[in-house]
Amino acid sequence: MGKTFKFLSLILFSFAIIISAAGDADAKKKKKKKIPKSPSYVGAVKCNGSCHDSYYQAWVKSPHGNTYNLLKPGVREKAKKRVKLDPQKDYTSTPLCLRCHTTGYRQKGGFKPAGTMHKGKDRSTKIDPEEPNLEQVGCEMCHSVAGGSQFRVVMKNTKGDFKKAETEKYGQRWDYANVCTRCHTHKKTPFKPDVHDKYKFNFEERKLKVHDKDKYWNEDNEDQKLEKLKDRTKEVSVSEKTPLVIEDFAVKKGKLLFKGKSMPYNKKKKSFNYKK
Ligand code: HEC
Ligand code: HEC
Ligand code: HEC
């Protein structure tokens, strides 16, 4: 009798431990995440996560989800010849090209080409052909100033119920027409409107091709439709009123260097630079 009792209480005790541990795990999940100290790039796969699947799927199929591949030999030969680039050359490690064809190159958390070594270790970005990420022009090249690590946490903590200003202070940008000129018509792009008419840039026309997301809603992701989208369109953010400055850069001794004054985010002062 005594033995059975001991046995039973042991079982009950174990259950109590298991249940309280599960409770702890739940509490941890619900706890708000801490916002990182400084912004860094996280990659499109993280923006997809459990939040923006349809946007991600649409982006993979869009021109921006394939920009890295244009740097490979034999791709778009005619276009390359027209601007005196070598169509047989591999440009996937060429600093100038990486600035506009990948995400966050030479910035914290950003893309690192093959052969990037640090303290004897290979730090180059792993590329999964099935799942485009940092190696293409990702979400953060249009939606962020210096990467989305901080405002992503705000979005998650508020479950999408945030005001533009709340994410803007962490580097989400809303100056869409302006942000395109980080690459399109930028003075450092080889593909300028004077080379070919197709490089002319009309924002209103082009923006329609950026997010063809409506095709990609399904049973699994329909709960990700943005409930606060309409409320946000009524709000006018700072960067919509005064667009951020656009980066200028040059390649010196094989390294891409940004010109300090042209940076939209000042890392030291943690402040933003707007156009005058
Ligand atoms: C300042 C940004 C910028 C830089 C630097 C840049 N590109 Fe691009 N590239 C673009 C943009 C923007 C487009 C799309 C232009 C358009 O369709 O209007 C583009 C398009 C292309 C295309 C497709 C052109 C076509 O008509 O099919 C190729 C190929 C390409 N880039 C290769 C390169 C290579 C190689 C380098 C480096 C030598 C490079 N790019 C450097 C911004 C840039
Ligand atoms: C080439 C630039 C560009 C890229 C890359 C891009 N977006 Fe966008 N995104 C836009 C523009 C422009 C709008 C505004 C669309 C409009 O006004 O029709 C937008 C709107 C959105 C919105 C609605 C925001 C709101 O509250 O109004 C979400 C969400 C979004 N994008 C997510 C993503 C995700 C996730 C990715 C990456 C998988 C991504 N975007 C990649 C340019 C871009
Ligand atoms: C970080 C650089 C970068 C930024 C920022 C960027 N683009 Fe692009 N965009 C490219 C490159 C590179 C291509 C070339 C893709 C190709 O030819 O396949 C391209 C191609 C496109 C195309 C396809 C052109 C075509 O007809 O095939 C559209 C549309 C476009 N961009 C719209 C936009 C809009 C709108 C914005 C701003 C909201 C924007 N882009 C911001 C780099 C950029």
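The values are calculated or read from the model by the stated rules, or taken from the named source; none is laboratory data. Everything numeric here is computed off the predicted structure, so don't read it as measured data. Using ideal geometry, Cβ is built from the backbone for each residue, glycine included, and neighbour counts are taken over all protein chains shown. Keep in mind that these areas ignore ligands, DNA and RNA; they rest on the heavy atoms of the full protein, side chains included. Shrake-Rupley method; radii C 1.70, N 1.55, O 1.52, S 1.80 Å.
Observations on the structure shown:
- Residue check for residue 172: within 14 Å of ligand 2 (Cβ to nearest atom), open to solvent by less than 60 Å² (accessible area, probe 1.4 Å) and in contact with a Phe, Trp or Tyr (Cβ under 8 Å, 6 or more places away or on another chain): yes
- In this structure, residue 156 qualifies as of a type in the set (D, E, K, R) and open to solvent by 40 Å² or more (accessible area, probe 1.4 Å).
- Residues that are surrounded by fewer than 17 Cβ atoms within 10 Å (Cβ to Cβ), aliphatic (A, V, I, L, M) and part of a helix (DSSP H, G or I) within the range 61-82 comprise just one, 70.
- Condition met for residue 145 (more than 13 Å from ligand 2 (Cβ to nearest atom), hydrophobic (A, V, I, L, M, F, W, C), open to solvent by less than 70 Å² (accessible area, probe 1.4 Å) and over 15 Å from the mean Cα position of the chain (by Cα)): no
- For the range 40-50, filtered to residues that are outside any helix (DSSP H, G or I) and modelled with pLDDT of 95 or more, the residue that is surrounded by the fewest Cβ atoms within 10 Å (Cβ to Cβ) is 40.
- Here residue 193 fulfils each of the conditions (1) part of a loop (DSSP other than H, G, I, E, B); (2) within 16 Å of ligand 2 (Cβ to nearest atom); (3) not basic (Lys, Arg) apart from (2).
- In the range 108-141, the residues that are surrounded by fewer than 20 Cβ atoms within 10 Å (Cβ to Cβ) and within 16 Å of ligand 2 (Cβ to nearest atom): 128, 130, 131
- Applying a threshold of 6 Å to beta carbon distances and a minimum spacing of six or more residues, or different chains, the list of pairs starting in the range 96-110 at a residue that is under 12 Å from residue 148 (Cα atoms) and ending at one that is in a helix (DSSP H, G or I) and not small (Gly, Ala, Ser) reads 103/140; 103/141.
- Every condition in (1) over 22 Å from residue 53 (Cα atoms); (2) surrounded by fewer than 18 Cβ atoms within 10 Å (Cβ to Cβ) is met by residue 215 except one, and the failing one is (1).
- Residues that are touching a strand residue (DSSP E or B) at 6+ places or on another chain (Cβ under 9 Å) and farther than 19 Å from residue 50 by Cβ, drawn from the range 124-146: 124, 144, 145, 146
- Test: residue in the range 189-207 that is under 19 Å from the mean Cα position of the chain (by Cα) and of a type outside the set (Phe, Trp, Tyr): yes
- For the range 200-214, a residue qualifies if it is at pLDDT 95 or above, more than 10 Å from ligand 2 (Cβ to nearest atom) and assigned to a helix (DSSP H, G or I), and exactly one does: 205.
- Verdict on residue 103 being assigned to a loop (DSSP other than H, G, I, E, B) and within 16 Å of ligand 2 (Cβ to nearest atom): yes
- Among residues of the range 248-271 that are farther than 15 Å from residue 173 by Cβ, those with a beta-carbon under 6 Å from a residue that is charged (D, E, K, R) and open to solvent by 70 Å² or more (accessible area, probe 1.4 Å) at least six positions away or on a different chain give the pairs 248/259; 256/106.
- Whenever a residue of the range 75-88 is free of Cβ contacts under 8 Å to residues at least 12 places away in the same chain, its partners that are open to solvent by 30 Å² or more (accessible area, probe 1.4 Å), lying with C-beta atoms within less than 6 angstrom and at least six residues away or across chains, give the pairs 76/70.
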